[in-house]
Amino acid sequence: MEVFSCPTRLMAGSGAVKMLAQLGGKRLFLVSDPYFSNNGWAKQIAEAANCQEYVIFDKVQPDPTVELAAEGTARLKEFGPDLLVALGGGSAMDLAKAMAYFAKVDCPLVAIPTTSGSGSEMTDFAILTHDKVKHPIVDPKLRPNVAILDSDLLQQLPKGLIAEAGFDVLCHAAEAYVGKDGGMMTDLLAREAFSTAYAALPASYAGNTAVRLKVHMASTMAGLAFTQAGLGLCHAMAHSLGGMFHVAHGRLNAILLPAVIGCNAHVAGKKYAELARAAGMGGSADTIALRNLKNGLIRLRRELNLPETLVQAGVDPRVLWRSVDTIVKAAVEDPCCKTNPMPVEDFLVRRILEEVTGRV
Ligand SMILES: NC(=O)c1ccc[n+]([C@@H]2O[C@H](COP(=O)([O-])OP(=O)(O)OC[C@H]3O[C@@H](n4cnc5c(N)ncnc54)[C@H](O)[C@@H]3O)[C@@H](O)[C@H]2O)c1
Ligand SMILES: [Fe+2]
């Protein structure tokens with residue numbers, strides 16, 4: 001049986017943040033990071049909501065911690081908003097979602113993504129870090145009520161962020177497409193998200209701002225797909241390695257995705273081949289299309305100047321191999337493994353670690 005729901009109202013286009021004023025809030029709590037306080041966007045967007053009173057909580061850091069979520073939850077309860085806005089990347093949205101969840105506030109949550117990557121504006125996930133381990137919390141109550149995709153916020157995206165977040169989109173789409181809980185609706189979204197992001201990322205990275213809304217929409221589509229179809233081993237390993245080494249989530253996905261596709265291909269080769277053809281990579285035989293998919297991702301990773309190995313991403317291999325048991329355990333226990341197309345066992349994670357550290 002296929003169950004698909006999209007409770008989040010989506011507003012997209014240039015100037016879409018002005019729609020905040022239509023939501024009728026009087027007391028606004030805005031969650032963001034220092035970058036948006038410093039450049040004035042947090043204040044500008046809080047004022048666009050036209051509320052009588054607002055508070056800006058701007059303590060978000062990449063990979064937000066459980067401790068920060070507890071601090072934010074207390075501030076949120078104390079203020080008692082009737083409108084909650086998350087402005088920023090996956091980290092800001094995840095923190096705001098977790099705060100609303102723990103505080104049990106009964107007000108709309110509006111997500112305004114400023115990166116085209118996490119898809120968190122559409123998902124039932126919030127990822128918090130505790131003791132160097134990233135823990136996904138998964139609950140339909142976490143899904144934002146409104147997502148505002150404003151292309152004006154994407155005009156000055158740094159190249160590194162376009163590349164990293166872009167690979168997160170490709171990874172969400174590819175994992176959702178082969179995810180165990182997928183169906184026709186999620187396949188449709190994942191295929192479109194993958195081919196749109198794959199086609200538009202080089203131009204966006206090269207400075208073409210006109211294509212950025214396309215990648216932003218692809219990110220949202222991929223979020224909507226994976227929140228129902230599930231993710232897989234690539235995200236499980238990205239969570240485990242990200243908690244320990246604090247390498248950006250999208251960079252880890254870029255390093256891991258071709259290797260994970262290689263392993264999963266034993267059971268999901270046909271679907272990967274479909275994805276390759278949908279993205280215009282060709283290959284009439286499934287084995288050729290699969291090879292094109294892996295090579296296409298490796299080529300794009302190079303074009304976007306992303307690292308190819310964990311060592312290139314700054315991970316000390318001696319530390320990694322000393323901590324390998326912890327990394328493997330966290331990956332195998334990550335809830336994303338449940339929807340990976342093939343069962344995840346220790347040896348598979350070790351095999352991929354060897355590939356992405358250049359041991360094989
Ligand atoms: N909840 C979900 O469904 C989900 C899905 C995937 C990833 N995630 C999580 O999201 C996080 C990654 O999110 P992300 O890739 O969006 O990065 P991020 O939110 O961690 O932000 C990274 C950096 O980019 C900066 N930044 C954000 N927007 C910017 C802009 N427009 N211009 C300049 N700088 C900007 C931020 O200030 C920050 O320093 C990870 O913690 C990951 O685990 C969550
Ligand atoms: Fe992700």
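The values are calculated or read from the model by the stated rules, or taken from the named source; none is laboratory data. Please read all numbers here as calculations on a predicted model, not as lab measurements. Please note: Cβ atoms are built from the backbone with ideal geometry, for glycine as well, and neighbour counts cover all protein chains shown.
Every residue, every condition in (1) aliphatic (A, V, I, L, M); (2) within 16 Å of ligand 2 (Cβ to nearest atom), yes or no:
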residue	(1), (2)
ALA248	yes, yes
LEU252	yes, yes
ALA273	yes, no
ALA278	yes, no
ASP286	no, no
ASN292	no, no
GLY296	no, no
ARG301	no, yes
ASN305	no, no
Being at pLDDT 95 or above, hydroxyl-bearing (Ser, Thr, Tyr) and buried (at least 22 other Cβ atoms within 10 Å of the Cβ), is that true of even one residue in segment 20-41?
yes
Any residue in segment 340-360 that's small (Gly, Ala, Ser): show its pairings with residues that are surrounded by fewer than 13 Cβ atoms within 10 Å (Cβ to Cβ) and at pLDDT below 95 at Cβ separation under 8 Å, as long as the two are six or more apart or on different chains.
none
Quick test of your reading of the structure: PRO62 fulfils all but one of (1) out of contact with any Lys or Arg (no Cβ under 6 Å at 6 or more places or on another chain); (2) at pLDDT 95 or above; (3) outside any strand (DSSP E or B). Name the failing condition by number.
(2)
From (1) under 14 Å from the mean Cα position of the chain (by Cα); (2) at negative phi; (3) within 13 Å of ligand 2 (Cβ to nearest atom), pick out the condition that doesn't hold for LEU224.
(3)
Among the numbered conditions (1) in a helix (DSSP H, G or I); (2) surrounded by 24 or more Cβ atoms within 10 Å (Cβ to Cβ); (3) more than 16 Å from ligand 2 (Cβ to nearest atom), tell me where VAL169 comes up short.
(3)
Find all pairs meeting these conditions: Cβ atoms under 6 angstrom apart; at least six residues apart or on different chains; first residue within segment 242-255 and under 17 Å from LEU304 (Cα atoms); second residue surrounded by fewer than 23 Cβ atoms within 10 Å (Cβ to Cβ) and of a type in the set (Lys, Arg).
ALA254/ARG301
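Among ALA225, ALA210, ALA265, ALA259, which is the only one that is of a type in the set (A, V, I, L, M, F, W, C) and crowded, with 24+ Cβ neighbours inside 10 Å? Steps first, answer last, please.
Details: ALA210 fails: crowded, with 24+ Cβ neighbours inside 10 Å; ALA265 fails: crowded, with 24+ Cβ neighbours inside 10 Å; ALA259 fails: crowded, with 24+ Cβ neighbours inside 10 Å.
Of ALA225, ALA210, ALA265, ALA259, the one residue that is of a type in the set (A, V, I, L, M, F, W, C) and crowded, with 24+ Cβ neighbours inside 10 Å is ALA225.
Out of the residues in segment 77-90 that are out of contact with any strand residue (DSSP E or B) (no Cβ under 6 Å at 6 or more places or on another chain) and away from ligand 2 (no atom under 16 Å from the Cβ), which is farthest from VAL133 (Cα to Cα)? Don't jump to the end; show me each part of the working.
From segment 77-90, those out of contact with any strand residue (DSSP E or B) (no Cβ under 6 Å at 6 or more places or on another chain) are 77-78, 80, 88-90; that's our starting set.
Narrowing further to those that are away from ligand 2 (no atom under 16 Å from the Cβ): 77-78, 80.
Values: LYS77: 27, GLU78: 29, GLY80: 31 Å.
Checked segment 77-90; the qualifying residue farthest from VAL133 (Cα to Cα) is GLY80.
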Kindly indicate whether any position in segment 176-186 is outside any loop (DSSP other than H, G, I, E, B), among the β-branched types (Val, Ile, Thr) and closer than 30 Å to LYS104 by Cβ.
yes
